[in-house]
């Protein structure tokens, strides 16, 4: 199959049920260029204020970490599992993955990305099936794909993935209010349903990883961390962690920007400190309440031993008043970081950060109620066995985590 690379792509913002043409992306001489649409310049909607400010002219990204894309558009692309699916799916059609430029990949995302950006013309895979989803069947299919065996389901799994990021297999789906019915997420939302994301174990995960992440979500909420709704979907064979999508309100899409994309920080090469996250949050939101959310999450990640706290695991949302807010927390689970250290440093400490560094961090950034926030997180983490029991985790996992968390 001959491959004609995409050289021009229109970008749209489909936020809060309104469509705006944002501008155009072009691929020229191995460089990616972007120009805002004249009408969008007068909208006042600043989709990426740090690296792609709202002004006329042609922009070329000053970075190579996103293959020449501005971070705001790179946020639309799947990585990890989703990138694997796309690469394998196009190779099934005779296109080598190395032939795809970043605009090709955005065209495959089309209208199905996270957040509110859309790309035209689309060249995605048409999957319109509206039958209920069987989680055990999908888990078996993802396992086969990871082992390099299954090809017939690649396009279907890519559509179900919804361009989400991260290494673990996952799908976007519609889930009924009673959590008993699960449908394809790409269709128009059915009455009584909401948009969710459901995760499946990778070959490196503990067998009860779904229960572990669910226990962490319960613990985080009691620690005062803002999180969307979560649920542990139980089947005959297994249990799967699910979380309601915070980039959707009904069928309305919400613009979302990761810290990684916002400041062009490569999440694969940890080099940031929570000090930077707090500085960005204050500069972007101009609201100390949003900075307090960042500080609470820093406390939780450190004390609960979530060391995979890289720059793509923090995001901001643009609300209906055109104001930036810190996004609800996600991907909170027991994990080791690079070399066993915290991915996000705490005042320069990565190997063994704790309450001392967290207290100093709060003081340095003027978080007046830092002590209360820290104590609330400590109290929740100290109750770890209760959350593990509620999630019916294995005793082995419960003990291993209890030995590593800091209380």
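Run the numbers on the chain and let me know its relative contact order in percent, using alpha-carbon pairs under 8 Å that are six or more apart. Could you put the intermediate results ahead of the total?
Working: 784 pairs, mean separation 58.3, N = 407.
Averaging sequence separation for qualifying contacts and normalising by length gives 14 percent for the chain.
Express in whole angstrom the spacing between the alpha-carbon centres of the stretch 43-92 and the stretch 199-262.
First find each Cα centre; the distance between them is then 24 Å.
Sort the following peptides by mean Cβ neighbour count (other Cβ atoms within 10 Å, averaged over residues), highest first: 71-81, 226-236. It would help to have the intermediate numbers written out before the result.
Details: 71-81: 23.1, 226-236: 15.8.
The packing order, highest mean first, is 71-81, 226-236.
Percent of Cα-Cα pairs more than 21 Å apart in the stretch 179-253, please. Walk me through the intermediate numbers first.
Values: 939 of 2775 pairs.
Of the Cα pairs, 34 percent sit more than 21 Å apart.
Rank the residues 273, 320 as a footprinting-exposure proxy: fewest other Cβ atoms within 10 Å of their Cβ go first.
Values: 273 19, 320 11.
Fewest-to-most Cβ neighbours within 10 Å comes out as 320, 273.
Compute a Gaussian network model of the chain, connecting alpha carbons closer than 10 Å, and tell me which residue from 191, 338, 102 fluctuates the most.
191
In percent, how large is the relative contact order of the stretch 292-407, given Cα pairs closer than 8 Å and 6 or more residues apart? Please list the in-between numbers first.
Details: 128 pairs, mean separation 34.2, N = 116.
Relative CO of the stretch 292-407 lands at 29 percent.
Could you work out the relative contact order of the stretch 219-345? I mean the mean sequence separation of Cα pairs under 8 Å and 6+ apart, divided by the number of residues, in percent.
Values: 187 pairs, mean separation 37.1, N = 127.
Computed over the stretch 219-345, the figure is 29 percent.
Distances longer than 16 Å among the Cα atoms of the stretch 4-81: what percent of all pairs is that?
On the way: 1562 of 3003 pairs.
Value for the stretch 4-81 (Cα pairs over 16 Å): 52 percent.
Any idea what the alpha-carbon Rg over 2.2 N^0.38 Å comes to for the stretch 255-402? Write out the running numbers ahead of the final one.
Numbers: Rg = 15.4 Å, N = 148, 2.2 N^0.38 = 14.7 Å.
My calculation over the Cα atoms of the stretch 255-402 gives 1.05.
Only counting other Cβ atoms within 10 Å, I'd like 11, 302 sorted with the fewest neighbours first.
On the way: 11 24, 302 28.
Sorted ascending by nearby Cβ count, the order is 11, 302.
If the viscosity is 1.306 mPa s and the temperature 10 °C, what translational diffusion coefficient in µm²/s does Stokes-Einstein give for the stretch 42-122 when Rh comes from Kirkwood over Cα pairs?
On the way: Rh = 14.0 Å.
The Stokes-Einstein estimate is 113 µm²/s.
Using every alpha carbon pair in the stretch 178-322, what percent of pairs falls into each 10 Å bin from 0 up to the bin containing the largest distance?
9, 33, 38, 18, 2
Average projected area of the Cα convex hull of the stretch 345-387, in nm²? The partial results should precede the final answer.
Details: hull surface 13.9 nm².
Value for the stretch 345-387: 3.5 nm².
Given a cut-off of 38 Å, what percent of all Cα-Cα pairs of the chain lie beyond it? Intermediate results must be reported in sequence, preceding the final value.
Numbers: 15369 of 82621 pairs.
Result for the distance tail: 19 percent.
Would you mind ranking 45, 171 so that the residue whose beta carbon has the fewest other beta carbons within 10 Å leads the list? Can you show the working numbers first?
Numbers: 45 16, 171 25.
In order of increasing Cβ crowding within 10 Å: 45, 171.
Here, each number is a calculation from the coordinates, and none is a lab measurement. Computed from a predicted model, the values in this text were never measured in an experiment. When we count neighbours, we look across all protein chains shown, and the Cβ atoms used for this are built from the backbone with ideal geometry, even at glycine.
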